[in-house]
Structures are given as C-alpha cells and as structure tokens.
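Worksheet: one structure, shown below.
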Amino acid sequence: MALIDNRLLVDHAKNPRFYELLHSPSHQKTIKNMSCGDAVTVSLHLVDGIISAVGFSAEGCMLCRAATSIFLCNIKGMQVLNVLALTEENLLDMLESREISHGRRRCAMLGFEAVQAMLGSS
Amino acid sequence: MSELIRHFFSFFSKNDKELFFDSAATSLKPDLLAATEQKIASFATDIVHRSSHFAGSQATQNFENVRQFIAKKMNADRSEIVFTSGATAGFNIAALSWAEKNLKEGDEIIISIAEHHSSCLPWIEAARRKTATISWAKFDKETYLFDQKDFVFTPKTKVLVVSAYSNVLGPIWKDQQELYDLISRAHSLGIIVVVDGAQQAPFYSIDLKKMDADFYAFSAHKMLGPQGVGVLFVNKRIHSQLSPAFVGGGALDYFFNDTPMYKKMPFFLESGTPPVAAIISFGEVLKKVIPTIDVDIEYKRIVRLMAQFIIFLKTIPGVTVLGNEALLQSDGHLVSFLVDGLHAHDIAEILSAKKVYVRAGKMCAHPLFDYLNCSAALRVSMYWYTTEHEVVQLCSEIADAIARLREL
C-alpha cells in the first residue's frame with residue numbers, strides 16, 4: 001500500500017495538528033535529514049514531568065509532516081518517562097503503517113528523534 | 001533492438017512487472033553474471049598471482065585476461081588498469097597513493113561543484129591531512145555547463161577533480177573536447193587531473209589515452225557487472241609518483257635489507273585478495289553480453305527515449321529540469337527534475353508502490369544541491385535494456401502520481 005493510501009497519514013499531511021511552534025516553550029529542537037533536505041522543529045512545554053503543550057514546523061515531505069503531527073497528538077499529556085520509553089515500532093503503530101520502507105524511515109522519525117533528543121538531555 | 005539484450009535478464013521474464021529506471025545507481029544484472037560466478041565456484045580456484053598450481057595459474061590467466069580486455073576497450077595500457085572494489089575505492093586509493101608523497105601544506109585542490117561524494121570526499125580528507133585548501137569550481141546556473149573560465153589555476157593548484165558526466169545533471173561539458181582542453185591546460189601547469197567516469201564508462205564512450213586524465217575511476221555494477229568491483233585507471237606518467245595506498249600480500253615483490261620492495265603497477269595498488277570470481281564474471285559479461293548490441297546505435301536510441309521523456313516532463317506545470325536541456329536531449333541517459341510544491345520522496349513513494357523505480361534524494365551530491373539551493377530531486381535513468389513501451393508507462397505513472405498528490 002502506498003503511503004498516500006493511508007487515510008490517517010493523508011489526513012495529518014493535509015491538516016497537520018499543532019502546526020505552529022510554541023511561543024515560550026521549555027524545550028525546542030530542530031532535526032534535519034541531510035540526505036533529502038527535510039527539517040522538523042518541535043517545541044514542547046513541560047509541567048511537572050508531563051508534556052502539557054506541543055507544536056512543530058516542518059519543511060519537507062508529506063511523511064515527515066504527517067508523522068510528526070500524529071506523534072505529537074499521541075504524546076501530548078503523557079509523562080516524560082513514558083515518552084522516553086517509546087520505540088520506533090511504537091511510532092510505526094501510531095502511524096498505522098509498518099510498511100514504511102527502510103529508505104523513508106528517517107522521514108517518519110524526524111519529529112520522534114527531536115522529542116527524544118530534547119527529553120533525553122533534559 | 002533492446003529486446004535482444006533483454007533476453008539476458010530473467011528480470012524481464014517475470015510475471016510481476018517492474019519498471020526499473022534507476023540504472024545510474026546500479027544496473028540490472030544479466031543472468032550470465034551469477035551463472036559464471038556459480039560455475040567458477042564449482043571448480044578448484046585460488047588467489048591470483050600466488051599459487052603455481054593449475055587452479056591458481058588458471059585463475060590468474062582469466063583474471064588478467066579481463067584486465068587486458070578492459071585496457072584494450074578503453075585504449076589504455078594494462079599496467080594502467082587497477083582493479084578496485086568500486087569507483088569510491090578507486091578515488092580513495094588515488095588520493096591516498098598520490099597525496100601522501102606529493103601534496104604539501106598550502107597546496108590547492110580544485111573540485112567541481114558537480115562531484116559525487118565518492119570523488120570529492122577522498123580529496124577533501126587528503127587536504128585536511130596535509131593542510132591543503134579546497135576550492136570549488138562552479139558552473140553558470142543558466143547553462144549548467146562548465147567552461148574554461150570556471151577553473152582558475154594558481155601556482156598553488158596541484159589537483160583538479162572533475163566528472164566526465166554528472167550523476168545529477170547529465171552532460172556538464174558542451175562536448176568532450178571542452179573537458180580534454182581543461183585536462184591539457186591543467187597538465188601544462190603540472191596539475192594532476194582526477195576524472196569521475198562512473199556515469200560515462202557504462203556507455204563505452206571513453207578513450208583514456210585521448211582524454212589523458214591522471215586518474216579515472218568507474219564501477220562495474222553500473223555496467224551490468226557485479227557490485228564490489230571497479231577499475232581505477234592510473235596514467236603511466238604518474239606511476240613513479242605513487243605510494244602504496246594499502247600494503248600487504250600481492251603488492252610486495254621482495255624484502256631488501258628489511259626494506260619492502262613493491263611490485264610495479266598495477267599490482268603495486270592491488271594489495272590483498274581481489275574478488276576473483278566476480279572480476280572474471282564481469283569479463284564474461286563484457287565479452288558476451290555487450291557485443292550483442294551496437295553501442296553507438298543503442299546509445300542514440302536511449303538518448304531519443306530520454307528526449308521524449310523530457311518533452312513529456314515539460315508538459316507538466318511546475319516541473320524544473322536540472323541540467324542543460326538541449327544537451328540532455330542530445331546526450332542524456334539520465335535526467336533529474338523538481339516538481340513545484342511536491343517533495344521528490346512523496347512522488348517516488350507512489351511510483352514505488354506501483355513497482356516503478358526511480359531515484360529520489362540528493363544523489364550523494366550535497367555540494368551541488370546546496371549550490372542549486374534545492375532539496376531533493378527525482379532522477380530517471382535509462383540503460384541498454386530500456387524500451388519505449390516502458391518510457392510510455394513511466395510517463396503515465398508519473399503524471400498519475402503528481403495528479404494524486406496535487407489533489408490532496
């Protein structure tokens with residue numbers, strides 16, 4: 001199945017949620033995929049170890065935009081420790097697509113990587 | 001005519017039809033390649049240039065026959081043909097073996113902005129090791145072509161690195177003579193010239209003596225051969241300037257008072273055990289598959305198909321062709337393009353789901369993409385086996401993919 005046939009991904013690509021960076025985030029991080037020029041910036045606000053607000057901006061393909069949107073929808077309200085425990089497989093389940101090819105995994109992972117990097121170093 | 005050569009590939013007899021337009025990355029492999037390797041594996045074989053027994057002698061003879069065949073085909077001396085593991089290894093060996101003795105602090109290396117990472121990075125690293133400097137030669141963005149004024153040599157310039165044919169832009173010289181003139185001008189100033197032939201050699205349009213580069217590298221896997229095999233041409237003129245890039249068995253001639261004395265070229269640069277079966281199999285493909293076609297006539301056919309494809313691309317609003325369109329229509333076997341508002345990976349993804357394979361990304365040419373100020377591009381490349389029918393199908397699938405994405 002082509003990614004364009006995945007309704008969830010297409011919905012989030014067309015109408016990304018939280019598609020604006022936070023004004024005063026406690027954390028913000030940009031991750032780039034140098035091989036294709038994709039860049040995702042994620043901003044988070046943490047209160048008492050919980051992700052209380054999320055936002056992002058993206059330059060790149062449909063997949064990086066949609067995957068970041070879906071991921072942020074899932075982690076908003078979660079405890080930081082639980083987000084840090086998430087794996088690549090958990091992300092693919094959230095995207096309802098385990099068929100993303102090896103060559104495009106990184107596109108889907110950019111938002112995930114940004115969040116993990118921020119929380120891991122905080 | 002392409003039907004004749006397609007008989008060598010079981011890829012085309014499968015029921016599950018796939019359209020392969022990524023030959024510039026790696027070509028399809030004829031069945032003869034694996035069959036020859038399997039045949040060799042069923043005999044006693046040995047490392048070349050070592051054992052005196054029959055199996056070793058036969059392996060050496062077959063191996064050297066391939067070297068001789070390539071040398072003759074490309075108008076070089078057999079001492080100038082070094083087997084490597086691919087073009088990347090060739091450029092690394094070139095940089096390691098030449099720069100060690102000859103590159104000095106403050107020297108300049110000029111690299112064309114169109115270089116693949118495999119041809120530019122070994123020299124960037126050599127410059128770093130020797131505290132030399134790198135200058136990038138840039139073409140006119142209107143024409144996408146280099147000319148003589150783009151290469152400003154100074155007394156400090158010691159190395160020039162250029163591609164014969166870009167893996168992104170296709171033709172980057174108005175004609176071969178333009179490149180030959182540049183090489184000649186560099187030589188008149190004592191500058192070593194390294195030429196990336198990875199996208200040129202597969203079409204046999206090369207006369208190494210006439211070109212007169214100092215180093216010229218290409219990969220077997222882009223020309224129906226196996227992955228893990230390549231050739232580095234090293235001009236006889238500079239053999240005495242080289243140090244061994246790697247040392248070990250095969251390159252050593254003898255020890256003289258504890259000092260290693262190395263063999264002459266090409267063995268000087270061939271330490272270690274080469275992939276004997278793969279190289280002999282590559283030779284079989286060169287001798288038995290390629291001669292079934294007239295490469296001059298077939299090249300013109302491919303170029304005509306590419307011209308038709310470019311005309312199709314121009315009918316799609318928002319498509320930008322990267323490269324000199326006039327030359328691509330007369331000498332193009334690959335074309336890269338952008339589609340306004342759509343990401344190359346999204347288009348390639350839809351095509352892939354339909355089993356249509358094109359390349360998307362920056363194609364290991366980040367300096368070029370930075371210079372052009374664009375992110376990822378799509379690339380369609382054709383080879384001897386590409387048919388008009390496949391190109392028509394490709395056009396239809398690309399038009400459909402773009403329409404679907406634009407409907408979102």
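The values are calculated or read from the model by the stated rules, or taken from the named source; none is laboratory data. Source: prediction; values computed, not measured. Glycine also receives a Cβ, built like all others from the backbone with ideal geometry; neighbour counts cover every protein chain displayed. In case anyone asks, the SASA skips ligands and DNA or RNA and just uses the protein heavy atoms, side chains included. Shrake-Rupley method; radii C 1.70, N 1.55, O 1.52, S 1.80 Å.
Scanning the stretch B:138-178 for residues that are part of a strand (DSSP E or B) and more than 20 Å from the chain's Cα centre (by Cα) yields a count of 2. Among the residues of the stretch B:142-153, which ones are surrounded by fewer than 18 Cβ atoms within 10 Å (Cβ to Cβ) and more than 13 Å from B:W173 (Cα to Cα)? Answer for the stretch B:142-153, where residues must be surrounded by fewer than 18 Cβ atoms within 10 Å (Cβ to Cβ) and more than 13 Å from B:W173 (Cα to Cα): B:E142, B:V152.
Residues are listed down the side, and each one gets a yes or a no for (1) outside any strand (DSSP E or B); (2) among the aliphatic types (A, V, I, L, M); (3) surrounded by fewer than 19 Cβ atoms within 10 Å (Cβ to Cβ):
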| site | (1), (2), (3) |
| --- | --- |
| B:S51 | yes, no, yes |
| B:F63 | yes, no, no |
| B:A71 | yes, yes, no |
| B:N75 | yes, no, yes |
| B:S79 | yes, no, yes |
| B:V82 | no, yes, no |
| B:T88 | yes, no, no |
| B:A95 | yes, yes, no |
| B:E100 | yes, no, yes |
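Checking the condition within 14 Å of chain B (Cβ to nearest Cβ), buried (at least 22 other Cβ atoms within 10 Å of the Cβ) and not β-branched (V, I, T), which residue from A:L44, A:L72, A:L8, A:L63 passes? Just one listed residue meets the conditions, A:L63.
There is at least one residue in the stretch B:376-384 that is in a strand (DSSP E or B), buried (at least 16 other Cβ atoms within 10 Å of the Cβ) and facing chain A (nearest Cβ under 10 Å). For the stretch A:89-107, a residue qualifies if it is within 11 Å of chain B (Cβ to nearest Cβ) and either polar (S, T, N, Q) or part of a helix (DSSP H, G or I) (or both), and the qualifying residues are A:S101, A:G103, A:R104, A:R106, A:C107. Scanning the stretch B:220-245 for residues that are open to solvent by 10 Å² or more (accessible area, probe 1.4 Å), small (G, A, S) and either in contact with a helix residue (DSSP H, G or I) (Cβ under 8 Å, 6 or more places away or on another chain) or closer than 21 Å to B:T273 by Cβ (or both) turns up B:G228, B:S243, B:A245. For the stretch A:14-27, check the following and say yes or no: at least one residue is over 15 Å from A:R105 (Cβ atoms), outside any loop (DSSP other than H, G, I, E, B) and facing chain B (nearest Cβ under 10 Å). Yes, some residue in the stretch A:14-27 is over 15 Å from A:R105 (Cβ atoms), outside any loop (DSSP other than H, G, I, E, B) and facing chain B (nearest Cβ under 10 Å).
Of all residues in the stretch A:47-88, those satisfying the criterion of being assigned to a loop (DSSP other than H, G, I, E, B), closer than 19 Å to A:I100 by Cα and not small (G, A, S) are A:C61, A:L86, A:T87.
Just one of the numbered conditions (1) under 12 Å from the mean Cα position of the chain (by Cα); (2) at pLDDT below 95; (3) not polar (S, T, N, Q) is not true of A:H12: (2). Looking only at the stretch A:15-26, residues that are open to solvent by 60 Å² or more (accessible area, probe 1.4 Å) and within 12 Å of the chain's Cα centre (by Cα) come to 3 in all.
Is it the case that some residue within the stretch B:318-335 is within 22 Å of B:F9 (Cα to Cα) and either within 14 Å of chain A (Cβ to nearest Cβ) or open to solvent by 50 Å² or more (accessible area, probe 1.4 Å) (or both)?
To start, the set of residues in the stretch B:318-335 that are within 22 Å of B:F9 (Cα to Cα) comprises B:333-334.
Now restrict to residues that are either within 14 Å of chain A (Cβ to nearest Cβ) or open to solvent by 50 Å² or more (accessible area, probe 1.4 Å) (or both): none.
The answer is no; no qualifying residue exists.
When the residues of the stretch B:347-375 are filtered to those that are within 13 Å of chain A (Cβ to nearest Cβ), touching a residue at least 24 places away in the same chain (Cβ under 8 Å) and of a type in the set (S, T, Y), the one that is nearest to B:F12 (Cα to Cα) is B:Y357. On inspection, B:V194 qualifies as of a type in the set (A, V, I, L, M) and either surrounded by 15 or more Cβ atoms within 10 Å (Cβ to Cβ) or modelled with pLDDT under 95 (or both).
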